[in-house]
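The values are calculated or read from the model by the stated rules, or taken from the named source; none is laboratory data. All values derive from a computational prediction rather than experimental measurement. Here the Cβ positions follow ideal geometry from the backbone for every residue, glycine too, while neighbour counts run over all protein chains shown.
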Amino acid sequence: MTDIIKVPLMAIPQDLVCATDYARYAKKHLPTDVYEYVVGGGADEITLQRNRQKLDEILILPSVLQDCTQGGTQTTVLGQRFRHPLMLAPVAFQQLAHPQAELATAEAADVVETGMMVSTLATRSLEDIAAKTAQPKWFQLYFQQDKAFTLSLVRRAELAGYSALVVTVDAPLHGIRNRAQRAGFVLPDGVEAVNLKDRPPLPSKSFDPSQSIVFQGMMSEAPTWETFRWLKQQTDLPIVLKGILSPADALRAQDMGLAGVVVSNHGGRTLDCMPSSIEMLPLVREAVGPDFAVLYDGAIERGTDTFKALALGADLVCIGRPQFYALAVAGALGVAHLLRVMREELEVTMSLAGTPTINSITSDALRYSLV
Ligand SMILES: Cc1cc2nc3c(=O)[nH]c(=O)nc-3n(C[C@H](O)[C@H](O)[C@H](O)COP(=O)(O)O)c2cc1C
């Protein structure tokens with residue numbers, strides 16, 4: 001095979017050729033506490049490890065001698081055209097990785113024609129990020145305690161040209177982040193969620209001894225299904241729920257008229273001991289049928305990982321941590337290089353598997369490891 005994965009500029013070291021290489025390099029580039037915050041998962045990291053392990057247990061069975069000359073990766077999701085079925089997952093506080101932060105990531109997404117989800121916890125204004133890319137961009141919304149303020153974020157996203165809202169529902173509070181705690185991670189001065197700057201101060205609450213700071217405190221304003229009836233009335237943007245694992249929850253979202261779901265366990269960063277995203281993906285797809293948008297994230301590091309998620313029913317496959325590592329190592333160039341590698345790895349996988357179009361990738365191409 002000829003080496004088709006070319007490095008775009010000499011600035012990328014020769015031994016940096018895939019997503020996991022970026023993780024290795026990032027460890028050297030980032031302060032230890034930041035690296036630990038990003039790489040880590042919740043509690044004992046059972047969910048985090050399972051995301052990788054269960055993807056690795058799936059094997060690809062190729063069908064040889066297929067004509068791939070009409071092959072391509074383009075696809076349409078929510079009526080929006082994607083050059084390839086990869087998208088950047090929302091990753092907060094990117095200034096921790098690089099001074100140009102989310103602006104650099106958006107520039108890379110534009111160059112490599114990749115859709116991007118922009119976190120509520122971005123360190124640059126959602127308008128400035130949007131202006132950097134003409135590719136599909138979806139705003140990731142964390143509900144804020146103040147409904148009017150939440151709505152102001154939605155209005156800003158609409159005006160800035162975001163074409164969907166991705167509402168994250170699996171993290172109404174932080175998971176148990178022991179690894180980040182042990183490393184002493186705190187946000188450094190000057191790194192902040194700038195889009196929340198005008199958020200009204202939270203009313204101070206006092207608790208009597210019979211009350212819990214979790215249930216009566218942090219969870220008291222968390223969104224519920226009812227909140228989505230309200231949100232749906234407020235905006236014409238399609239609403240996608242991120243952080244769905246249960247087929248019943250996916251079905252409920254579909255029944256409510258929401259636009260789609262991201263099958264995700266937040267990269268193992270919230271509740272520990274959950275199933276891996278890849279285990280739940282085919283069950284979610286089966287529950288909602290073929291026409292509902294189902295996205296996937298969790299441990300996507302290779303074209304073969306993307307292929308497996310597509311084969312199990314994902315319409316789009318999202319990249320989490322690797323974008324942060326690439327940003328830390330080489331800014332916009334690093335993210336562009338990563339995306340190009342991921343896209344070309346997918347094309348190579350499709351060709352070698354004998355499935356040259358997105359629609360031709362089905363579970364028929366998969367086998368499960370017996371170990
Ligand atoms: C450092 C970091 C920050 C994240 N910030 C957000 C966020 O602001 N909003 C969100 O919905 N998910 C966030 N996520 C979760 C990702 O969107 C995604 O679900 C997860 O990283 C996918 O797993 P992967 O890292 O194995 O690809 C974050 C993940 C990491 C590692």
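Couple of notes before you dig in:
- Index of the failed condition, Glu279 passing every other in (1) surrounded by 15 or more Cβ atoms within 10 Å (Cβ to Cβ); (2) in a helix (DSSP H, G or I); (3) away from the ligand (no atom under 16 Å from the Cβ): (3)
- Subset tally (residues that are outside any helix (DSSP H, G or I) and within 14 Å of the ligand (Cβ to nearest atom)) for the stretch 240-270: 13
- Among all residues of the stretch 2-14, there is none that is at pLDDT below 95, out of contact with any Phe, Trp or Tyr (no Cβ under 8 Å at 6 or more places or on another chain) and assigned to a helix (DSSP H, G or I).
- Against the list (1) more than 30 Å from Pro238 (Cα to Cα); (2) assigned to a helix (DSSP H, G or I), the condition Leu48 fails is (1).
Results for (1) under 20 Å from Ile300 (Cα atoms); (2) more than 11 Å from the ligand (Cβ to nearest atom); (3) more than 17 Å from the chain's Cα centre (by Cα); (4) at pLDDT 95 or above, shown as yes or no for each residue.
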{"position": "Val91", "(1), (2), (3), (4)": "yes, no, no, yes"}
{"position": "Thr105", "(1), (2), (3), (4)": "yes, yes, no, yes"}
{"position": "Ala108", "(1), (2), (3), (4)": "yes, yes, no, yes"}
{"position": "Thr114", "(1), (2), (3), (4)": "yes, yes, no, yes"}
{"position": "Leu121", "(1), (2), (3), (4)": "no, no, no, yes"}
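- Residues in the stretch 294-316 that are part of a helix (DSSP H, G or I) and either more than 12 Å from the ligand (Cβ to nearest atom) or among the hydrophobic types (A, V, I, L, M, F, W, C) (or both): Gly303, Thr304, Phe307, Lys308, Ala309, Leu310, Ala311.
- Enumeration of residues in the stretch 17-53 that are of a type in the set (S, T, N, Q) and crowded, with 22+ Cβ neighbours inside 10 Å: Thr47, Asn51
- Qualifying residue in the stretch 352-360 (condition: surrounded by 24 or more Cβ atoms within 10 Å (Cβ to Cβ) and either charged (D, E, K, R) or modelled with pLDDT of 95 or more (or both)): yes
- Evaluation of Ile319 against (1) within 11 Å of the ligand (Cβ to nearest atom); (2) touching an Asp or Glu at 6+ places or on another chain (Cβ under 7 Å); (3) under 27 Å from Leu30 (Cα atoms); (4) of a type outside the set (D, E, K, R) (one fails), failing number: (2)
- Qualifying residue in the stretch 221-232 (condition: more than 20 Å from Ala92 (Cα to Cα) and crowded, with 24+ Cβ neighbours inside 10 Å): no
- Extreme residue, nearest to the ligand (Cβ to nearest atom), among residues of the stretch 135-193 that are surrounded by fewer than 14 Cβ atoms within 10 Å (Cβ to Cβ) and of a type in the set (Lys, Arg): Arg182
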